[in-house]
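Engineer: A single structure is presented below for examination.
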Amino acid sequence: MTEQAPTLVEPLPQHRIDAGAVARYLEPFLPAGFDGRVAVRQYQGGQSNPTYHLATNVGAWVLRKKPPGKLLPSAHAIEREYRVMRALAGSGVPVPRMLCLCDDAAVIGTPFFVMQHVQGRLLGARIVAAGTPEERAALYDDLARVLAALHTLDWRARGLADFGRPERFLERQVARWSAQWEASRTEPLPPMEHLREWLPRHLPPDDEAALVHGDYRLGNVLVDPRAPKVAAVLDWELATLGHPLADLGYYCLMYHLPEREGGCLDMDLAAQAIPSQAEFVQAYCRHAGRTVPAALDVFVVFSMFRLTAILAGVYKRALDGNAADARALGQRERFRAVAELGWALAQRCG
């Protein structure tokens, strides 16, 4: 497959970190022979927690930290990311090996964690455009398999019984993202206000509990450079215990977004060996050992509501000068478009 390697750039001015301080902190955790030097570059892309590539003479590592500035409540929870990935080690969900967590903001300005650098490729935001039809089909099936493996994991046995409160999950999620929207709002957006009123009246019962990723999509996985399979699932900031169909509905956003928003609405999916939403859901259910859900659209609507709040937060951080990616100012049109699409789908749901 002709995938794109993650892009490394010089750290943005607002995200520069002291390489010497990083080296001194990491020395006890790194393999013997470390010479005390760390070369730091920043990953471009991703709008939340700044992420860096650390090159040393004893291997490559990845550092992920909270952004600078005033943060929204419960956002940028790198401690939770570290905990859940450490708990998933050796499971059917591939994750990088965790090296260490530093909760002392004095070291580089914010808490951070360091993990193994995994060789892999990024294929884009939501659509596989590379490889042969057979490779694409195999990769989509593996994406379904990994999501099913996450949702069928025994999270209690992995030490995650207190990682969230699955009861009333959807109700609390709507309240949480309503609050995030309020904190991030920079202008009126009527479709979001309509969705805030519509969702509480249409939420399905919370009758399932699983470990959920919260942002599972193609853009948050590394693909094995030698085979069409997932090498590592990244970006666990939103992970918690909750309804597994919330994850599935979020993944299915791609089927409801136009191509300019990274989706595949109006695309000829069969011609590109991309499964339809029904086919992907069937593959997920086959791997998870469950029946196909009767209605998924409410979870998709909720995902559009949540995505709007997330993108509005990215835009707000860009206005404040704290965004993790220099392109974040372009999120204004995106969050407005997603909110409008979400309200249109909600109206079709009844």
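The values are calculated or read from the model by the stated rules, or taken from the named source; none is laboratory data. Bear in mind that the values here come from a model prediction, so they are computed numbers and not experimental data. Because the Cβ atoms are built from the backbone with ideal geometry, glycine has one as well, and the counts that use them run over all protein chains shown.
Engineer: Mind checking which residues of the stretch 286-299 are surrounded by fewer than 17 Cβ atoms within 10 Å (Cβ to Cβ) and closer than 21 Å to PRO228 by Cβ?
Structural biologist: Passing the criteria: only ARG286.
Engineer: Let me ask something additional. Is it the case that some residue within the stretch 251-270 is assigned by TED's automatic domain parsing to the domain that holds PRO200, modelled with pLDDT of 90 or more and either closer than 19 Å to ALA179 by Cα or aromatic (Phe, Trp, Tyr) (or both)?
Structural biologist: Checked against the condition, which is being assigned by TED's automatic domain parsing to the domain that holds PRO200, modelled with pLDDT of 90 or more and either closer than 19 Å to ALA179 by Cα or aromatic (Phe, Trp, Tyr) (or both), the stretch 251-270 yields at least one hit.
Engineer: Mind checking which strands (runs of 3 or more DSSP E) fall wholly inside the stretch 216-274 and carry at least 3 residues that are farther than 19 Å from ILE127 by Cβ and touching a residue at least 40 places away in the same chain (Cβ under 8 Å)?
Structural biologist: Once the strands (runs of 3 or more DSSP E) in the stretch 216-274 are filtered for at least 3 residues that are farther than 19 Å from ILE127 by Cβ and touching a residue at least 40 places away in the same chain (Cβ under 8 Å), what remains is 240-242.
Engineer: Among the residues of the stretch 134-166, how many are exposed (fewer than 14 other Cβ atoms within 10 Å of the Cβ) and in contact (Cβ under 8 Å) with a residue 40 or more places away in the chain?
Structural biologist: Qualifying residue count, the stretch 134-166: 3.
Engineer: Of the residues GLY109, GLY124, which is in the same structural domain as ARG16 (by TED's automatic domain parsing), at positive phi and at pLDDT below 95?
Structural biologist: The conditions single out GLY109.
Engineer: Go through the stretch 82-124 and give me each residue that's in contact with a helix residue (DSSP H, G or I) (Cβ under 8 Å, 6 or more places away or on another chain), assigned to a strand (DSSP E or B) and under 23 Å from ARG24 (Cβ atoms).
Structural biologist: MET98, LEU99, CYS100, LEU101, CYS102, PHE112, PHE113, VAL114, MET115
Engineer: Another question, then. Within the stretch 200-215, how many residues are touching a residue at least 24 places away in the same chain (Cβ under 8 Å) and part of a helix (DSSP H, G or I)?
Structural biologist: Final tally of qualifying residues: 2.
Engineer: Same structure, new question: Can you name the residue in the stretch 100-125 that is surrounded by 20 or more Cβ atoms within 10 Å (Cβ to Cβ) and over 26 Å from PRO13 (Cβ atoms) and is also farthest from the chain's Cα centre (by Cα) among such residues?
Structural biologist: For the stretch 100-125, the residue satisfying everything is GLY120.
Engineer: Also, I was wondering about something else. Could you figure out which of (1) part of a loop (DSSP other than H, G, I, E, B); (2) touching a residue at least 40 places away in the same chain (Cβ under 8 Å); (3) in contact with a helix residue (DSSP H, G or I) (Cβ under 9 Å, 6 or more places away or on another chain) isn't true of THR291?
Structural biologist: Single failed check for THR291: (2).
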